[in-house]
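Each reported figure results from applying straightforward, stated rules to the coordinates on display, with no laboratory input. Everything numeric in this text was worked out from a predicted model, so none of it was measured. When we count neighbours, we look across all protein chains shown, and the Cβ atoms used for this are built from the backbone with ideal geometry, even at glycine.
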Amino acid sequence: MRSPQAVTLAAALLCAITAVSSHAQVSNDVVKIGVIVDKSGVYSANGGMGVVRAVEMAVKDFGGKVQGKPIQIVSADYQNKVDIAASKAREWLDVDKVDVIIESTDSAAAIAMQKIAAEKKRPIIFAGSASTALTNKECSAYGIHWVYDTYALATGTGRAVVRDGGDSWYFITADYAFGNALEADTTAVVKSTGGKVVGAAKHPLNASDFASFLLQAQNSGAKVVGLANAGKDTQNAIRQANEFAITAKQTLAALLIFDTDIKGLGLKAAQGMVYTTAFYWDQNEETRAFSHRFHAIHKGMPTMIHAGAYSATMHYLKSAEARKTDEPEDVLDQMRKTPVNDFFARNGVIRKDGRMVHDMYLAQVKTPSESKGEWDIAKIRSTISGDQAFAPLSVSSCPLVKG
């Protein structure tokens, strides 16, 4: 007959084993990833189906399973509408039991989804949106901002252009959260480096006619016309700026531009333009290896959003495997504790405000004579270290930081 102490010890051990077994599991016997993007609108080329394919690549490369349980991907087109993004996020989390959302949307939609993900206590990773609000007043313990933000874009491009002599600016800005944040952050950089802002014009999302905005910029006498927009809006603005011969006397500064935009514009229209990016396909052997594989699937080289979506997906899956569960708090804790080291980032760190800090790059569009191939469109001028590219925690308004 066993002693009472032995019985108590055995019972305690059984409870501990049961607790570990019940905790180390995959919910609903599947890890489900929701990918929400713009599949047909203004941001479809730089994000869109390329993000879905990048996530699919990551899942396949990972092996398709976590702890022996399958990984499933669902995707949706948010149609550049905040209400659709929010309702889809809620449906995924409530009904479809999605474990993590990866997005490439506008900032207003991203902020709306972040609130829902926080309410439902599920991770959401931002690969395409840019507003610094996501890691400031709208921050969440469940949100991770992976690729870039308006502070990093403004710091890289704004500082470089002012130092090259562009000390007076006029902004043409997309009139929603992202554009307004990008203008504000760039204004701060311009002024801090000795420049000035002489005016700004706001345009709606997905604008086709930039004539009036460009004429205002031309008449302002500013040395630099800052484009605080993205996607097809940026392309349209640059094309029409060339038609108005604005580039003959003024410098265009595209504050968020992607490889797909440059390819669409052509080097003749975009040549010489300086911009900030988190990734360029032709940086090194690792970036080229990933990019050629992506190109074989997507028929185009990856943007920083596509590369970032792959990187974020892989980091999430590795963290779930390490913790032997898809339980949100466990996976997020592992993600924060593990540096990001892959073709996208070196020694990337996820801070308490949700910002994944990594190096950014100042790039310049090549001239037609410099280009040696279809996607040979840019050169890296310099590396911007992560601690310089992103706003320091000391200026954060994130409640998680202040707490």
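Summary table
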item: Partner lysines for Lys60 [C-alpha distance under 18 Å; skip if fewer than 8 residues away on the same chain]; result: Lys32, Lys69, Lys318
item: Peptides ranked, highest mean first, by Cβ atoms within 10 Å: ranges 373-383, 314-324, 178-188; result: 178-188, 314-324, 373-383
item: Flagged links, alpha-carbon separation over 19 Å, of Lys263/Lys366; Lys65/Lys121; Lys191/Lys352; Lys223/Lys366; result: Lys65/Lys121; Lys191/Lys352; Lys223/Lys366
item: Charged-residue dipole, Cβ positions (Lys, Arg, Asp, Glu), the chain about Cα centre, Debye nearest 20; result: 440
item: Dipole moment magnitude, nearest 20 debye, the stretch 249-294 about Cα centre, only Lys, Arg, Asp, Glu C-beta charged; result: 240
item: Estimated inter-spin distance, Arg90 and Ser212, nm [label 7 Å along Cα→Cβ]; result: 3.5
item: Rounded to 10°, Cα long-axis angle of helix 4-23 versus longest principal axis of the chain; result: 30
item: Added length on full extension, which subtracts the Cα-Cα distance from 0.36 nm per residue, Arg293 to Asp164; result: 42.7 nm
item: Among Ser319, Met356, Tyr275 - extreme Cα towards positive end, dipole of the stretch 262-403, charges at beta-carbon; result: Tyr275
item: Cβ crowding within 10 Å averaged over residues, with 127-138, 281-292 ranked highest first; result: 127-138, 281-292
item: For the stretch 189-254, diffusion coefficient by Stokes-Einstein and Kirkwood Rh (Cα), 20 °C, 1.002 mPa s, µm²/s; result: 175
item: Options Ala253, Ser192, Phe178, ranked by Cα towards positive dipole end of the stretch 169-259, top entry (Cβ charges); result: Ser192
item: Cα centre as origin, Lys/Arg/Asp/Glu Cβ charges: the stretch 277-326 dipole, Debye; result: 140
item: Pairwise centroid distance, computed over Cα atoms, of the stretch 80-109 with the stretch 186-239, Å; result: 31
item: Approximate spin-label separation Lys372-Asn341, in nm, with each point projected 7 Å along Cα-to-Cβ; result: 3.0
item: Computed [θ] at 222 nm, helices only, for the chain once each DSSP H run of length n ≥ 4 contributes -39500 (n - 2.57); result: -13000 deg cm²/dmol
